[in-house]
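Take a look at the structure set out below.
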Amino acid sequence: MQLRVLGAQDIALLRNVTPGLFDHPIRPDQALAFLQDPGHVIVAAIAGGDILSFASGTVLLHPDKPPAFFVNEVGTRESHRRQGLARMVTRTLIAHVRGIGCRGVWLGTEPDNAPALALYRKLRGEEQVFVGFAWDGAFDLDQGS
């Protein structure tokens, strides 16, 4: 298994990912834009030419603070869960963004998402309580389809 930060050279890997890992089918235009933008980062665990697990996010820039990082999503194939892959890709993602100058890494998850809560607690994240607001279907499960 290989663990790495993906770049534009990995577009074929994303375009050919086996269904069941991401929420929706890969959109080649969005995948390429993501991979080409240095403000977007994805770390993948790869075996046999396919992605088994990933963690992705976005650099947040502010005029008065150092860059921060928002973890957008962590996913692992059902067949490979509970093997530490999500923890590995998330740790690698956090280490990478700290290495490029991000200070303050954060994410949000639903209060009933037990697997995600267990993962983030194992990673010793500091639990926070905040209120989320959404526009334009930002929290809709079928967004983008």
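Only one entry of Gln128, Gln143 meets the criterion of being at pLDDT below 95, part of a loop (DSSP other than H, G, I, E, B), loosely packed, with under 10 Cβ neighbours inside 10 Å and among the polar types (S, T, N, Q), and that entry is Gln128. Pairs only if they're at least six apart or on different chains, beta carbon under 6 angstrom, first in the stretch 91-119 and within 25 Å of Ala134 (Cα to Cα) and small (Gly, Ala, Ser), second at pLDDT below 90 and surrounded by 11 or more Cβ atoms within 10 Å (Cβ to Cβ); list them, first residue then second. These pairs meet every condition: Ala116/Thr109. Give the residue that is nearest to Leu35 (Cα to Cα), with candidates limited to residues of the stretch 1-18 that are touching a strand residue (DSSP E or B) at 6+ places or on another chain (Cβ under 9 Å) and polar (S, T, N, Q). So, considering only residues that are touching a strand residue (DSSP E or B) at 6+ places or on another chain (Cβ under 9 Å) and polar (S, T, N, Q), the one nearest to Leu35 (Cα to Cα) is Asn16.
Conditions tested, residue by residue: (1) β-branched (Val, Ile, Thr); (2) under 23 Å from Gln2 (Cβ atoms).
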{"residue": "Ala55", "(1), (2)": "no, yes"}
{"residue": "Val74", "(1), (2)": "yes, yes"}
{"residue": "Arg77", "(1), (2)": "no, yes"}
{"residue": "Met88", "(1), (2)": "no, yes"}
{"residue": "His96", "(1), (2)": "no, yes"}
{"residue": "Leu117", "(1), (2)": "no, no"}
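Listed by first and then second residue, the pairs linking a residue in the stretch 19-37 that is within 18 Å of Asp50 (Cβ to Cβ) to a residue that is assigned to a loop (DSSP other than H, G, I, E, B) and among the basic types (Lys, Arg), with Cβ atoms under 9 Å apart and 6 or more places separating them unless they lie on different chains, are Gly20/Arg77; Leu21/Arg77. When Val105 is tested against (1) more than 16 Å from the chain's Cα centre (by Cα); (2) under 20 Å from Asp37 (Cα atoms), only condition (1) is not met. Of all residues in the stretch 28-45, those that are surrounded by fewer than 18 Cβ atoms within 10 Å (Cβ to Cβ) and either out of contact with any Gly (no Cβ under 8 Å at 6 or more places or on another chain) or among the small types (Gly, Ala, Ser) (or both) total 9. Out of Arg82, Arg103, which single residue is of a type in the set (D, E, K, R), modelled with pLDDT under 95, surrounded by fewer than 17 Cβ atoms within 10 Å (Cβ to Cβ) and closer than 22 Å to Gln2 by Cβ? Residue meeting the stated conditions: Arg82. When Trp135 is tested against (1) of a type in the set (Phe, Trp, Tyr); (2) modelled with pLDDT of 95 or more; (3) farther than 20 Å from Pro19 by Cβ, exactly one condition is not met: (2). Here the stretch 51-63 is the region considered, the condition is being at pLDDT 95 or above and farther than 15 Å from His96 by Cα, and the residue that is surrounded by the most Cβ atoms within 10 Å (Cβ to Cβ) is Ser53.
The values are calculated or read from the model by the stated rules, or taken from the named source; none is laboratory data. Note that the coordinates shown come from a computational prediction; the quantities given were computed from them, not determined experimentally. Neighbour counts are summed over all protein chains in view; Cβ atoms, including those assigned to glycine, are modelled from backbone coordinates with ideal geometry.
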